[in-house]
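Here's the structure we're looking at; comments come further down.
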Ligand code: XMP
C-alpha cells in the first residue's frame, strides 16, 4: 500500500490547493468528504490527515463535522482555519466569534520552534482569513504561536495541530515548509511520490471502476482531453474510444494534425466525425454571439451522442475537466460549498447523461496536467498547444459565419501562427490569433481601388486566462504579419492590432 495523506474537504476553495502542496512535497494525497466514517478511512490507512477550511462557521446550525472517533486513531492531524476551530470545538476547547476578524497578511510570533515549526524563525509572515477564533485550547494542548488579534493562532497536542492561518497559499512564504514539517517531522512520511505514481494509481482506479465496460472520451485536440484519453488508454487500451468532432470551425490543417498525432505519434483508438456541414448549416444567418455559442454547444452534443451510441457496451464518458474548471462551480467532491456559483454543465454536457462520468484530472491544476502528459509520453508539441475555444473560429468571425469568411480567416490565422511561433521561441505569448471583422475598408492595390475585409490581430500574455495583457510584439514582426496577410490572403486589405487588456476586454472578441 502506498503512503497516502487525506485532506478532509469542509467546502473550502483551497482544499485542492492543500492537496497540491502536499503532492509538490512528494507525498500522495487524496481529498475525501469531511463526513467519511472511521471505518472507511481505516481502509485508506492514511499516514496523516489535514482538515481544510470552510465557508461555514462552527456557530452555523448544521455546520460540517467529522467522525469524532477519527481523532483517537493516533493518526497525525493538521486542522487549518475552520479545521482548527472544529478541533477545538470537538476536543473541549472554546471558539468565539471575532469582533472584526483578521483578513490578509499578519505576523505570528512562534513560541516553540519544534514540530510543525521546526527550523523556523521566531516570527513569520502568514495569511489570515477568519472571523471566528479559538480562545481556549483543549486539555493537553499548548499554544504554539499567536498574533495580537489572534493570540492562539497555532495549537498542538501530541500529533494533533491546529493552525488559524493558511499555509497553502503563496502569501504565507514559509507555508510549504510548515506543511512539510507536518508531513515529515510530525507524521514521519517518507515522500518520494512522483507523477509516475499518479499514473499508476489512476490506472488502477480506472481499471477497477470500468471493469469490462467501454469508455468514450471526447477529444478536442487540446491538452486536457488528450491527456485524459492517453491516461484511460493506458488503463484499458482499445476499450477507450476517443471521438473527435470536426465542426468545420477549426484552424487550417488542424484535423490532419490531430489525425496524424493520434495515428502516428501517439496512437490510440479514435475516430473523427465529420460534421462540418451540419454545424455550418445550423449557423446560417446567425449573428448574435451567444446564439452562435448555444447552437454550437447543442449541435456538438447531438453529434457526439450520435457517434457515442455506435460504441457498443460504452457505459462511461471521460472528460478532461480540471480543478480550475470547477473551482467556482462546486467543491470537487460535492462537499458543502456545492453551489458558490452555478455554472453547471462544466464540460458542456447535459445533466441527464446516459453515461457515468470519469474525470481523472479533476483534482489537478493545468501545469500538473502538462507534467502528467509528459509522464505519459505525449509529444511536447501537443502539450505546448495554445488554448482554443470550443466554438472555434465561429467566435473569431464577428457576425455571420460563412464558408468564404472561414477560408479568409484560416489563411490569416495561419500566417499569424507561423510568424509568432518563429518570433516567440520561448512561448511567452499565451494566445495569438486573427479575428475577421464585419467591416470593409477602402484600399489601393496596384492602380486598383479595393474594398475588402479588415483582420484584427490578437496576441496576449497571461498566466491563467483570467486576466491578460496585449503582447508587446516588435513593430517589425507586426509589419511582417500585416504585409503577408494583405499580400497572401485574398479579400483582406487592412490589418489592425488589438491593444486591449482583460479586463475590461476579453481575450476572444465574442
Ligand atoms: P475570454 O474570451 O473569456 O477567454 O477572455 C478566456 C479563455 O477561454 C477561452 N475560451 C473558451 N474555451 N470554450 C472553451 O473551451 C469556450 O466557449 C471558450 N470561450 C473562450 C479563450 O480562448 C481564452 O483562452
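The values are calculated or read from the model by the stated rules, or taken from the named source; none is laboratory data. Model, not experiment: these values are computed from the prediction. Here Cβ is always computed from backbone atoms with ideal geometry, including for glycine, and neighbour counts include all displayed protein chains.
Out of (1) within 28 Å of residue 294 (Cβ to Cβ); (2) surrounded by fewer than 22 Cβ atoms within 10 Å (Cβ to Cβ), the odd one out for residue 226 is which?
Single failed check for residue 226: (2).
Inside segment 469-478, can you point out the residues that are exposed (fewer than 15 other Cβ atoms within 10 Å of the Cβ) and more than 16 Å from the ligand (Cβ to nearest atom)?
Answer for segment 469-478, where residues must be exposed (fewer than 15 other Cβ atoms within 10 Å of the Cβ) and more than 16 Å from the ligand (Cβ to nearest atom): 472, 474, 475, 476.
Among the residues of segment 443-462, is there at least one that is in contact with a helix residue (DSSP H, G or I) (Cβ under 8 Å, 6 or more places away or on another chain) and within 16 Å of the ligand (Cβ to nearest atom)?
The answer is yes; a qualifying residue exists.
Identify, by number, the condition in (1) in contact with a strand residue (DSSP E or B) (Cβ under 8 Å, 6 or more places away or on another chain); (2) more than 20 Å from residue 129 (Cα to Cα) that residue 38 doesn't meet.
(1)
Tally time: how many residues in segment 254-299 are under 21 Å from residue 409 (Cβ atoms) and either surrounded by fewer than 13 Cβ atoms within 10 Å (Cβ to Cβ) or in contact (Cβ under 8 Å) with a residue 24 or more places away in the chain (or both)?
Number satisfying all stated conditions: 26.
Are any residues in segment 479-506 farther than 19 Å from residue 463 by Cβ, surrounded by 14 or more Cβ atoms within 10 Å (Cβ to Cβ) and within 16 Å of the ligand (Cβ to nearest atom), and if so, which ones?
Looking only at segment 479-506, we keep the residues that are farther than 19 Å from residue 463 by Cβ, and these are 479-499.
The next check asks that each one be surrounded by 14 or more Cβ atoms within 10 Å (Cβ to Cβ); those that pass are 480-482, 484-486, 489, 491-498.
Passing the criteria: only 498.
Could you tell me whether residue 28 is buried (at least 17 other Cβ atoms within 10 Å of the Cβ) and over 28 Å from residue 96 (Cα atoms)?
yes
Looking only at strands (runs of 3 or more DSSP E) that fall completely inside segment 31-143, which ones have 2 or more residues that are in the same structural domain as residue 15 (by TED's automatic domain parsing) and surrounded by fewer than 18 Cβ atoms within 10 Å (Cβ to Cβ)?
Numbers: elements: 48-51, 77-80, 94-110, 123-136.
Of the strands (runs of 3 or more DSSP E) lying wholly inside segment 31-143, those with at least 2 residues that are in the same structural domain as residue 15 (by TED's automatic domain parsing) and surrounded by fewer than 18 Cβ atoms within 10 Å (Cβ to Cβ) span 94-110, 123-136.
Being within 16 Å of the ligand (Cβ to nearest atom) and on the phi > 0 side of the Ramachandran plot narrows it down to one residue among 211, 221, 191, 237; which is it? Reasoning before the result, please.
Values: 211 fails: within 16 Å of the ligand (Cβ to nearest atom); 191 fails: within 16 Å of the ligand (Cβ to nearest atom); 237 fails: within 16 Å of the ligand (Cβ to nearest atom).
Matching residue, one of 211, 221, 191, 237: 221.
Kindly indicate which of 411, 377, 373, 399 is in contact (Cβ under 8 Å) with a residue 60 or more places away in the chain, under 21 Å from residue 259 (Cα atoms) and in a loop (DSSP other than H, G, I, E, B).
So the residue among 411, 377, 373, 399 that is in contact (Cβ under 8 Å) with a residue 60 or more places away in the chain, under 21 Å from residue 259 (Cα atoms) and in a loop (DSSP other than H, G, I, E, B) is 377.
Out of segment 196-243, which residues are within 25 Å of residue 385 (Cα to Cα), assigned to a loop (DSSP other than H, G, I, E, B) and free of Cβ contacts under 8 Å to residues at least 60 places away in the same chain?
Across segment 196-243, the qualifying residue is only 219.
Among the numbered criteria (1) assigned to a loop (DSSP other than H, G, I, E, B); (2) within 16 Å of the ligand (Cβ to nearest atom), which single criterion is violated by residue 267?
Of the numbered conditions (1) assigned to a loop (DSSP other than H, G, I, E, B); (2) within 16 Å of the ligand (Cβ to nearest atom), the odd one out for residue 267 is (2).
Residue check: is residue 420 within 16 Å of the ligand (Cβ to nearest atom) and within 32 Å of the chain's Cα centre (by Cα)?
Details: within 16 Å of the ligand (Cβ to nearest atom): yes; within 32 Å of the chain's Cα centre (by Cα): yes.
The answer is yes for residue 420.
Consider residue 509 carefully, then state whether it is at pLDDT 95 or above, within 16 Å of the ligand (Cβ to nearest atom) and not assigned by TED's automatic domain parsing to the domain that holds residue 404.
When the stated conditions are applied, residue 509 passes them.
Scan segment 388-396 and give yes if some residue there is assigned to a loop (DSSP other than H, G, I, E, B), outside the structural domain of residue 368 (by TED's automatic domain parsing) and away from the ligand (no atom under 16 Å from the Cβ), otherwise no.
No, because not a single residue in segment 388-396 is assigned to a loop (DSSP other than H, G, I, E, B), outside the structural domain of residue 368 (by TED's automatic domain parsing) and away from the ligand (no atom under 16 Å from the Cβ).
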